[in-house]
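Participant: I am attaching a structure below and will ask some questions about it afterwards.
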Amino acid sequence: MNNRGVVVSVKEEGLLLVISAPSGTGKTTICRALTDRHPEFILSISATTRAPRPGEKDGRDYYFISKDEFLQKLSQGYFVEHTEIYGNLYGTPANGIKEALRSGKTMVFDIDFAGGHSIKKAFPDHTVLLYLLPPSYEALRNRIISRGKDSPDEIRNRLASADKELQFLHSYDYFVFNETVPQAVSDIEKIIFAEKSRTSRIEKFQAFFPKGGRDNV
Ligand code: 5GP
């Protein structure tokens, strides 16, 4: 018993934290900052058929595999969800999720809108859907332009899909503005704390009143 006069036994189950955001919001940086700061946060590594970009590492950023291998794994039920984006296949490996839940870890998914909702459907009681917002439309536009990776057409497409995605904001559980990395990380930590403090996680609860009990007021 602690000095609060209550004994609470809480389920040590993990969480699945899906972070979606318009391209250029800094989602990958936030996911990495979370997993760097907290050993109990682990990043789900997707498989993809797209080619690695400069600086990307197999097994860290993605499992870069061929289309044949992807389709074979798909037919073997290896992915909990998968999608095709700009002609490339992406899939979230199912293995690891159950283990993360059992061992009380928070598994972070850097995946798109549809993928996040599929994870929620598969694990409704353990999935937290979070939408990361840019500080403003202008900030998003400037970030995409300053990355220097996209043609004017691609920039227009990315901004148009951000606009479209925002219409579904209400289907997420939480939103966080990415003004700065430390502030966004801190906001997400609070959300995880709140999720882990849900009374639905309590297995056993016992209250002990001091001598004199409720009359002692
Ligand atoms: P990129 O090619 O820029 O790394 O990723 C393109 C988009 O695919 C991003 O929005 C990213 O979050 C999403 N994505 C990456 N992996 C997966 C996955 O396994 N499933 C789904 N549904 N989307 C993914």
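Participant: For the stretch 139-203, report the convex hull volume of the alpha-carbon atoms normalised per residue, in Å³, without decimals.
Facilitator: About 109 Å³ per residue, rounded to a whole number.
Participant: Sorted by accessible area with a 1.4 angstrom probe, largest first, how do Glu165, Glu84, Glu40 fall?
Facilitator: Glu84, Glu40, Glu165
Participant: So, one more: Just how far, in whole angstrom, is the stretch 145-182 from the stretch 55-70 if you go by their alpha carbon centroids?
Facilitator: The stretch 55-70 and the stretch 145-182 have Cα centres spaced 24 Å from each other.
Participant: Moving on. In square nanometres and to one decimal, what's the mean projected area of the convex hull around the Cα atoms of the stretch 113-172? Mind showing how you got there, number by number?
Facilitator: Values: hull surface 19.1 nm².
About 4.8 nm², averaged over all directions.
Participant: Determine the relative contact order of the chain: mean sequence separation of Cα pairs under 8 Å and six or more apart, normalised by residue count, in whole percent.
Facilitator: Numbers: 301 pairs, mean separation 72.4, N = 217.
Averaging sequence separation for qualifying contacts and normalising by length gives 33 percent for the chain.
Participant: Using a 1.4 angstrom probe, figure out how much accessible area the stretch 4-83 has per residue, in square angstrom, rounded to the nearest whole.
Facilitator: Solvent-accessible surface per residue comes out at 53 Å².
Participant: Right, another one. Of the heavy-atom accessible surface of the chain (probe 1.4 angstrom), what whole percent is carbon and sulfur?
Facilitator: On the chain, the fraction of accessible area on carbon and sulfur atoms equals 53 percent.
Participant: Continuing with this model, one more query. Say R0 is 41 Å: what FRET efficiency, to the nearest 0.05, do Val8 and Ala114 get from their beta-carbon distance?
Facilitator: Numbers: r = 37 Å, r/R0 = 0.91.
Computed FRET efficiency for Val8 and Ala114: 0.65.
Participant: P(r) for the stretch 51-177: what percent of alpha-carbon pairs falls in each 5 Å bin, starting at zero?
Facilitator: Pairs per bin, as whole percents: 2, 8, 15, 18, 20, 18, 12, 5, 1, 0.
Participant: Still on this structure, please answer the following. For the chain, give the magnitude of the charge dipole about the Cα centre (Cβ charges: +1 Lys/Arg, -1 Asp/Glu; no others), in debye to the nearest 20.
Facilitator: 500 debye
Participant: Over 21 Å between C-alpha atoms is what I'm after, so list which of Lys98/Lys204; Lys27/Lys149; Lys57/Lys98; Lys98/Lys196; Lys27/Lys120; Lys11/Lys105 land there.
Facilitator: In this structure, Lys98/Lys204; Lys57/Lys98 lie more than 21 Å apart at Cα.
Participant: Taking the dipole about the Cα centre of the chain, with the C-beta of Lys and Arg at +1 and of Asp and Glu at -1, give me whichever of Ala94, Pro135, Pro124 is farthest to the positive side.
Facilitator: Pro124
The values are calculated or read from the model by the stated rules, or taken from the named source; none is laboratory data. Keep in mind the model is a prediction, meaning the values are calculated, not measured. Cβ coordinates were reconstructed from backbone atoms using ideal geometry, including for glycine residues, and neighbour counts include every protein chain displayed. For accessibility, only protein heavy atoms count, side chains too; no ligands or nucleic acids. Shrake-Rupley method; radii C 1.70, N 1.55, O 1.52, S 1.80 Å.
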